[in-house]
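For reference, the structure discussed in these notes is given below.
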Amino acid sequence: MNVGVCYAEVDRQLWMRLEVPDHSTVAEAIQLSGLLRLYPEINLDQQKVGIFGKIAKLDTPVQEGDRVEIYRPITVDPQTVQRRRR
């Protein structure tokens with residue numbers, strides 16, 4: 001089955017398509033992608049993951065064509081950013 005896995009840093013993003021076995025989970029797709037080796041700072045115990053912008057658990061099964069996303073922690077309070085723009 002073909003899925004995408006993506007991760008974005010502040011200054012660059014990585015998106016890759018890969019073939020995973022049927023009935024694979026989000027965690028397995030991320031592991032097979034090699035992103036955890038490329039970005040050792042990724043901590044799946046703390047960072048959220050999702051499929052097409054919706055939060056998902058690591059044991060969620062992926063489906064053909066899904067885009068698995070690894071989200072960075074929020075470093076700025078969104079309320080503060082809004083106040084600065086005014």
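Here is a check on your reading of the model: is Ile30 at pLDDT 95 or above, part of a strand (DSSP E or B) and either among the β-branched types (Val, Ile, Thr) or under 13 Å from the mean Cα position of the chain (by Cα) (or both)? It is false that Ile30 is at pLDDT 95 or above, part of a strand (DSSP E or B) and either among the β-branched types (Val, Ile, Thr) or under 13 Å from the mean Cα position of the chain (by Cα) (or both).
When region 15-27 is examined, which residues are found to be under 13 Å from the mean Cα position of the chain (by Cα) and within 17 Å of Leu44 (Cα to Cα)? Selection gives Thr25, Val26, Ala27.
Just for region 28-71: of the residues that are of a type in the set (A, V, I, L, M, F, W, C) and in contact (Cβ under 8 Å) with a residue 60 or more places away in the chain, which one is surrounded by the most Cβ atoms within 10 Å (Cβ to Cβ)? Write out each step before concluding.
We begin by selecting, within region 28-71, every residue of a type in the set (A, V, I, L, M, F, W, C); these are 29-30, 32, 35-36, 38, 42, 44, 49, 51-52, 55-56, 58, 62, 68, 70.
When the remaining residues are screened for being in contact (Cβ under 8 Å) with a residue 60 or more places away in the chain, the result is 62, 68, 70.
Details: Val62: 24, Val68: 27, Ile70: 22.
So, considering only residues that are of a type in the set (A, V, I, L, M, F, W, C) and in contact (Cβ under 8 Å) with a residue 60 or more places away in the chain, the one surrounded by the most Cβ atoms within 10 Å (Cβ to Cβ) is Val68.
For beta carbons closer than 7 Å, sequence separation of 6+ or different chains, a first residue in region 1-22 that is among the small types (Gly, Ala, Ser) and a second that is in a strand (DSSP E or B), the qualifying pairs are Gly4/Trp15; Gly4/Met16; Gly4/Arg17; Gly4/Arg67; Gly4/Val68. Going through (1) more than 15 Å from Cys6 (Cβ to Cβ); (2) surrounded by fewer than 16 Cβ atoms within 10 Å (Cβ to Cβ) one by one, Thr25 falls short only on (2).
The values are calculated or read from the model by the stated rules, or taken from the named source; none is laboratory data. For clarity, every value in this text was computed on a predicted model and none was experimentally measured. Reconstructed Cβ throughout: ideal geometry from the backbone, glycine too, with neighbour counts over all protein chains shown.
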